[in-house]
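The values are calculated or read from the model by the stated rules, or taken from the named source; none is laboratory data. Everything quoted here is computed from the prediction, not taken from an experiment. Here the Cβ positions follow ideal geometry from the backbone for every residue, glycine too, while neighbour counts run over all protein chains shown. Calculation scope for accessible area: heavy atoms of the full protein, side chains included, ligands and nucleic acids excluded. Shrake-Rupley method; radii C 1.70, N 1.55, O 1.52, S 1.80 Å.
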Amino acid sequence: MTRQVVFSPSGRRGSFAQGTTVLDAARALGVDLDSVCGGRGICGRCQVMIGSRPGIEARPDRLSEPGPTETDYQARRPLAPGHRLGCAAEIVEDVVIDVPPESQVHRQVVRKRAGVSALPVDPVVRLHYVDVAEPDLASPTGDLERLLAALEKEWGLEGLLVDPPVLSGLQSALRQGDWTVTAAVRHQRDLVGIWPGFRDVALGVAFDVGSTTIAGHLCDLTSGEVLATSGMMNPQIGFGEDLMSRVSYVMMNDDGAERLTGVVRGALDGLIGELAAEAGVAREDILELSLVGNPIMHHLALGLDPRELGTAPFALVTTSALDTRARDLGMRAHPGATVYSLPSIAGHVGADACGVVLSEGPHRGAALQLLVDVGTNAELVLGNRERLLAASSPTGPAFEGAQISSGQRAAPGAIERVRVDRSTLEPRFSVIGQEGWSNDVGFDFGAVTGICGSGIIEAIAELFLAGVIDGDGVIRDPAGGSPWVVPSERTFSYVLSVEPRVEITQNDVRAVQLAKAALHAGARLLMDHYGVEHVDEIRLAGAFGSHIDPRYAMVLGMIPDCDLEHVSAAGNAAGVGAMMALLSAEARNEIEDVAGRIEKVETAIEPRFQEHFVAALAIPHKTEPYPELSKVVDMPARVETGQRRRRRG
Ligand code: FES
């Protein structure tokens, strides 16, 4: 006698003989129902519920009564009310089977994060539990051959390639597990690990290798859950603050690349240890890793020579995504673990930019999105589902606090927020690591150590809005006699803090103008190539993008005019992209496909770049009117250079 089975949410349906298990029916229909133990009632991944639809109401007796398999499972791990093991429950009547997200192989994990509703989880490494035939004198075959035969028979895994370290532990695992083992198979193609008996722990680490900091996220490959997150300073800083100085180090020292590779790999290995300790797991539980980084960090971490990236035409060794064994990169994880590095786009637009694209997904929608990842080199991506363009712009280190008289990296003691009173010109500020503002009672001025990138941007933008800095970036004393604007050589400086002394000098303003003009010109060039005059959304990625106030970034003209409602921080978008690639084969396919379609615009050889750069030196811009910004910010009237000169004269 046959019964109708309908699976939800897939909608797949079919007729099956009474007594067929739900798992068998699901497999026959290609329904996405998970299993590690192959239907032995051990893993609990196949849980389903009885659902309903018109004509088939939800009734428990549509499936068989729970038998010993489910009772035994319940004794070890309680099943939630209404849940049944799909591998044990048999079809008795016509039935609707609900497959909850946690029982799907390809699931969507909802993240509490603006702009991303769900992340796909369909890991490239999957675990498979099998019974392996015991050796037999009468028909001698190797243990491996019998294991491979079992994997093919039970899981349809044909022609698996075997990672050599698997062989060394194979015989003991089989005997220890009494001829049952769990095998880790990558991409349904590579046998990368084996454990005695049943096992369902599969973890992964996503790395975001920045030139200043390195971040790692330890994730459960099955659930997508983030188990631990940790970060550290990139120890390569000892060889040069910025990227180019590290490339110079490599060029000037025979063993330079080797040494820089050694320290970054040491840091990544150390981070694995930290993450594992924080989550209370073993390094060997980590079966897969992913990595994003700018081209130089990416090359150094993978042991690729970055020298060509130091000079035009900035050729990468490869723009492709790469799979490299973690053990070959000096990372101690499971011996079969692989590091997947995301693809790159071009010389200065690397795997980190691909991480940002994967996370933000401009290619998934119609809105024209500008992604800005600000660092020593700004990486820019503009586009939507029609077309994507990318460029890098040589912003230099001013946004990171370098080349600024009192500049410093964003660290405790750095001024990060600045306000200037429009009538008295008196400043107030806040610093990282201290509550409140400098005009609050009890503010500890002794803790002030300098000003970081977001602080300098706010300071210059506020001074522009207060009339202390004009559209050409010249510091002046608008009413005369202000104690906050003081002569400094042949120009003026603005006194942000008296003790300790922190000033905004004319040179500081110039350094920021150069950096912001480069950023704006890069964005503008992409807009020219796309053939648009405005963008719909701007997302500011990276740590710096998270710290700067979009309003001030726009007042300065760092970014093109845009409705401020649609300008926001993207957070650690590159790291999220690395996590997505870690957890999902589909995400890897997606970014590999998209990266191949991104058109690179080379700012260095574009004649219009210089033109845009010069126009963007003005605050906010020499010719662009910034109508959207003017709706929400009271912008000073632009004074033409000639008029200012005449007035001074
Ligand atoms: Fe493992 Fe059902 S498939 S418990």
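Worth a mention:
- Full-extension gain in nm, Glu154 to Arg332, via 0.36 nm per residue minus C-alpha separation: 60.9 nm
- The range 408-468 - charge dipole about Cα centre, Lys and Arg +1 at Cβ, Asp and Glu -1, debye rounded to 20: 160 debye
- Counted over the chain, the DSSP beta bridges are approximately 70% antiparallel.
- When only alpha carbons of the range 43-157 are considered, Rg and Dmax amount to 19.2, 64 Å.
- Note on Arg422: accessible area approximately 120 square angstrom, rounded to 10, probe 1.4 Å, nucleic acids and ligands left out.
- List Arg332, Arg476, Arg524, ordered by accessible area with a 1.4 Å probe, largest first: Arg332, Arg476, Arg524
- Cα pair distances in the range 555-640, grouped into 5 Å bins until the bin that holds the longest one, percent each: 3, 11, 14, 13, 14, 14, 13, 10, 6, 2, 1, 0
- If you wrap the chain in the convex hull of its Cα atoms and look at it from every side, the mean projected area works out to 36.2 nm².
- FRET efficiency estimate (nearest 0.05) - Cβ-Cβ, Lys622 to Glu426, R0 35 angstrom: 0.70
- The mean of 1/r over all distinct Cα pairs in the range 164-255, once inverted, gives the Kirkwood hydrodynamic radius of 16.8 Å.
- The chain - percent of accessible surface contributed by carbon and sulfur, probe 1.4 Å: 51 percent
- The tail of the calculated P(r) for the range 220-308, taken as Cα-Cα distances beyond 15 Å, holds 62 percent of the pairs.
- Within the shell defined by Cβ-Cβ distances under 13 Å, the residues around Arg428 carry a net charge of -3, with Lys and Arg each +1 and Asp and Glu each -1.
- Straightening the chain between Gln4 and Glu533 buys 184.7 nm, computed as 0.36 nm per residue apart minus the Cα-Cα spacing.
- Rg/Rh for the range 482-623 (Cα atoms only, Rh after Kirkwood) is 1.07.
- P(r) tail fraction, the range 100-220 - alpha-carbon pairs more than 17 Å apart, %: 65 percent
- Of every Cα-Cα pair in the range 144-193, the percent that sits beyond 17 Å: 26 percent
- Part-to-part distance (alpha-carbon centres) for the range 529-586 and the range 467-508, which is given in Å: 31 Å
- Here the range 242-364 is treated as a sphere whose radius is the Kirkwood value from Cα pairs; by Stokes-Einstein at 4 °C and 1.567 mPa s it diffuses with a coefficient of 85 µm²/s.
- In the range 357-484, Rg over Rh equals 1.09, where Rg is the alpha-carbon radius of gyration and Rh the Kirkwood radius from pairwise Cα distances.
- A simple spin-label model places the labels of Met252 and Glu565 5.3 nm from each other, with each point 7 Å out along Cα-to-Cβ.
- For the chain, the longest principal axis of the alpha carbon atoms and the long axis of helix 351-360 meet at an angle near 80°.
- Phe613 - accessible surface, heavy atoms, 1.4 Å probe, Å² rounded to 10: 40 Å²
- For the range 292-363, the Kirkwood radius over C-alpha pairs fed into Stokes-Einstein at 10 °C and 1.306 mPa s yields D = 125 µm² per second.
- In the context of the full protein assembly, Cys43 retains an accessible surface of approximately 0 Å², using a probe radius of 1.4 Å and ignoring ligands and nucleic acids.
- Estimated from helices alone, the mean residue ellipticity of the chain at 222 nm is -9000 deg cm²/dmol (sum of -39500 (n - 2.57) over DSSP H runs with n ≥ 4, per residue).
- As a ratio to 2.2 N^0.38 Å, the alpha-carbon radius of gyration for the range 427-496 is 1.21.
- Ellipsoid semi-axes in whole angstrom, largest first, where each is sqrt(5λ) of the Cα gyration tensor of the range 289-433: 34, 21, 16
- Multiplying the residue separation of Asp634 and Ala312 by 0.36 nm and removing their Cα-Cα distance gives an extension gain of 111.6 nm.
- For the chain, the solvent-accessible area with a 1.4 angstrom probe is 41 square angstrom per residue.
- Rounded to the nearest 10 degrees, the angle from helix 256-279 to the longest Cα principal axis of the chain is 60 degrees.
- Each distinct pair of alpha carbons in the range 514-564 adds a 1/r term; the inverse of their mean, the Kirkwood radius, is 11.4 Å.
- Residue-wise HN-Hα coupling along the range 54-67, computed from phi with Karplus coefficients 6.51, -1.76, 1.60 (Hz; x: Gly, Pro): x, x, 10, 7, 6, 9, x, 7, 6, 10, 5, 4, x, x
- Phi-derived couplings, Karplus 6.51 cos²θ - 1.76 cosθ + 1.60 at θ = phi - 60°, listed residue by residue for the range 139-149: 10, x, 9, x, 4, 4, 4, 5, 5, 5, 5 Hz, with x used for Gly and Pro.
- Prolate/oblate/rounded label for the range 13-91 (Cα gyration tensor, a/c 1.5): oblate
- Heavy-atom accessible area, probed at 1.4 angstrom with all protein chains present, ranks Asp131, Asp72 as Asp72, Asp131, highest first.
- Hydrodynamic analysis of the range 532-602 uses the Kirkwood radius over alpha carbon pairs. Inserted into Stokes-Einstein at 25 °C and 0.890 mPa s, it gives a translational diffusion coefficient of 175 µm²/s.
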